[in-house]
Amino acid sequence: IVRRMARSGHFAGVGEDEVEAWVEQRMDEHRHSTRPVVLELADGRWMQLREFRTGTGLTVTARTDITELKEAERTIRRQAEEDPLTGLANRAVAVRRVDEMLAQRTSRAGALVLIDLDGFKAINDSLGHDAGDELLVVIGRRLAAAVGRGSVVGRMGGDEFALVMSCTAGEKSLARRLDRVMAAVQQPVALTGRTVTPRLSMGVAVFSPGQLSRRDVFQRADIALYHAKAVGRGRYAFFDHHMLRATEQRQQAQDCLREAIDEDRLFIELQPQVRLATGAHVGFEALVRWQRGDRLVPPSEFVQLAEECGLIVPLGNRVIDHALRFMRSMASRGLKPGRIAINVAAAQLKLDDFADTLVAQVAGHGLAPTDIEVEVTETVLLDRSAQQIGRTLARLHEAGIAISLDDFGTGYASLAHLKRFQVDRLKIDRSFVADIGMDDHRAVIPRTIVSLAHSLGMDVVAEGIENERQLDILKAYDCDIGQGFLFARPMPPAEAEAHLRSV
Ligand code: C2E
Ligand code: MG
Ligand code: MG
């Protein structure tokens, strides 16, 4: 064959002699040796046996210990197929299994179950990565035990797992199996230092061979998973065509939001802050607003949406821009707006140049750094990139921009976090302020926050003050600053200007 190929010009540039020599050599090897035999010995070593016949008719057997080679081979295969942390199959294997099931000639249905560990980030962040890893290993082990043989249990990465199973007995029977899996996995786990009870969300896509593409199957399971989480975590959901509509609506909302940001159609409202002891105006908080058609969408709906689809940085930039322009315009009218507090998301603080850019923008608007306050939520300090965020906060603080910790008391931030990060102010979350009038028991929290802040040299803002009673009590606690409907609601810039003229 090789000779023929050479004649018809397959090896251009290789001389005829060379081809002939190669062919001769191969034929010689073939004549004088048998095929090698590979044996696994009782002690676990591997041998390769090969026989050669010499020209004088003797047989020589060569034995080679290929144990290491075999082991290397096995390691490579394992690395390619196994998740190193949990020892489960990896994403590639799960995907391949779905492909195989889709390609089957039979009509046997299969199911892809995508699993997400609820609240894993909080566990990881508060108990440390070792504890997080430990938890993933335990969950992997429980999943594998609960699902049994014949199904693929894979780790897709992070806190996501997948099951690829058959669904021959129908969805009801699959649901019962998943109930058992849920029950088996959602048992307490003792980690170093603490016991946690994991909660899973699962999205299920059932498919028959040939009917869907792999992409469709994964997309359906993903949509179902999203749905399961939205409905309230700790449960599974089977994909349903209705879900597609909800997903489309989300997609539409994202597109609309992107457009609104691009076209600078978001705006801000400003809510005044006052010094509680004197009632004097001290500044504003800038709150983003989105008028979508005739509906004013509350930030609780679109800020998270923006975070999920990577729009939070451009959104934040718009807000900063509006806030600084407002401040400049007040100054140019000879008014004293005080300090403006701008809400900033984790994704913004992770940008290397965030602090420098903001400082430059502030100067560019003829403002002083002390006119600006950056509000970050407590959870930001627990973020995976806390170090990077800490650097940004430190730079802002050095430049003279105040940092305030929003929604304080609702998350898991500890005293250690407060010391580690440059925080100038705590904002008592409005849920605690709402509790104040209710019973004395719950008023303990705001009082404790005030004294904690003061002992660390920070001051305190109480948000959501709605009535005189709350005001009186907060004053008695020595809380420094207040914000809430009692003083004023968030208002558009023109009204804020009128407000400034009236105070
Ligand atoms: P937040 O930063 O804690 O803002 C305070 C929220 O409390 C505002 O809601 C404000 O309108 C509301 N509020 C003020 N006084 C009272 C009161 O007396 N009673 C009650 N019940 N509520 C009061 P809003 O404007 O809906 O904002 C909600 C959240 O959205 C904000 O909470 C903040 O976390 C986020 N957000 C708002 N603007 C931005 C922004 O520009 N960027 C980012 N990343 N997040 C923002
Ligand atoms: Mg805020
Ligand atoms: Mg708040």
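The set of residues in segment 38-96 that are of a type in the set (D, E, K, R) and either in contact with a Leu (Cβ under 9 Å, 6 or more places away or on another chain) or not in a helix (DSSP H, G or I) (or both) comprises Glu40, Asp43, Arg45, Arg50, Glu51, Arg53, Arg63, Asp65, Glu82, Asp83.
Looking at Ile320, Ile261, Ile268, which is the one that is part of a helix (DSSP H, G or I), within 16 Å of ligand 2 (Cβ to nearest atom) and either in contact (Cβ under 8 Å) with a residue 12 or more places away in the chain or not aliphatic (A, V, I, L, M) (or both)?
One residue alone meets the criteria, Ile320.
Evaluating Leu225 against the criteria (1) assigned to a strand (DSSP E or B); (2) closer than 20 Å to Leu102 by Cβ; (3) in contact with a Ser or Thr (Cβ under 7 Å, 6 or more places away or on another chain) leaves one unmet condition, (1).
Picking from residues in segment 240-289 that are open to solvent by 30 Å² or more (accessible area, probe 1.4 Å) and aliphatic (A, V, I, L, M), the one that is farthest from Asn467 (Cα to Cα) is Leu244.
In segment 359-377, what count of residues is obtained for those that are away from ligand 3 (no atom under 16 Å from the Cβ) and either in a strand (DSSP E or B) or touching a helix residue (DSSP H, G or I) at 6+ places or on another chain (Cβ under 7 Å) (or both)?
Summing the residues that are away from ligand 3 (no atom under 16 Å from the Cβ) and either in a strand (DSSP E or B) or touching a helix residue (DSSP H, G or I) at 6+ places or on another chain (Cβ under 7 Å) (or both) in segment 359-377 gives 9.
Taking the conditions (1) touching a Lys or Arg at 6+ places or on another chain (Cβ under 8 Å); (2) more than 17 Å from Gly140 (Cα to Cα); (3) open to solvent by 10 Å² or more (accessible area, probe 1.4 Å); (4) of a type in the set (A, V, I, L, M) in turn, Ala205 satisfies each one other than (3).
Quick grid of which residues meet (1) away from ligand 3 (no atom under 16 Å from the Cβ); (2) modelled with pLDDT of 95 or more; (3) over 23 Å from the mean Cα position of the chain (by Cα):
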residue	(1), (2), (3)
Phe284	no, yes, yes
Pro299	no, yes, no
Gln304	no, no, no
Val313	yes, yes, no
Asn317	yes, yes, no
Leu324	yes, yes, yes
Gly334	yes, yes, yes
Gly338	yes, yes, yes
Ala345	no, yes, no
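When Phe408 is tested against (1) within 12 Å of ligand 1 (Cβ to nearest atom); (2) within 26 Å of Leu296 (Cα to Cα), only condition (2) is not met.
For every residue, the table says whether it meets (1) within 16 Å of ligand 2 (Cβ to nearest atom); (2) under 19 Å from Val344 (Cα atoms).
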| position | (1), (2) |
| --- | --- |
| Leu405 | yes, yes |
| Gln422 | no, yes |
| Ile428 | yes, yes |
| Met438 | no, no |
| Ala443 | no, no |
| Ser455 | no, no |
| Ala462 | yes, yes |
| Ile465 | yes, no |
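Looking across Ser126, Ser151, Ser173, one residue alone is of a type in the set (Ser, Thr, Tyr), under 24 Å from Phe238 (Cα atoms) and surrounded by 14 or more Cβ atoms within 10 Å (Cβ to Cβ). It is Ser151. Applying the condition of being out of contact with any His (no Cβ under 9 Å at 6 or more places or on another chain) and within 15 Å of ligand 1 (Cβ to nearest atom) to segment 378-392 and asking which residue is nearest to Asp356 (Cα to Cα) yields Thr392. Just one residue in the set Leu315, Leu311, Leu287 is within 13 Å of ligand 1 (Cβ to nearest atom) and touching a Lys or Arg at 6+ places or on another chain (Cβ under 8 Å); that residue is Leu311. Under the condition of being open to solvent by less than 20 Å² (accessible area, probe 1.4 Å), in a helix (DSSP H, G or I) and at pLDDT 90 or above, the residues counted in segment 391-430 number 3.
The values are calculated or read from the model by the stated rules, or taken from the named source; none is laboratory data. In this text the structure is predicted, and so the values were computed from the model without any measurement. Heads up, the Cβs are rebuilt from the backbone with ideal geometry, glycines too, and the neighbour counts pull from every protein chain shown. Surface areas here come from the heavy atoms of the whole protein model, side chains and all, with no ligands, DNA or RNA. Shrake-Rupley method; radii C 1.70, N 1.55, O 1.52, S 1.80 Å.
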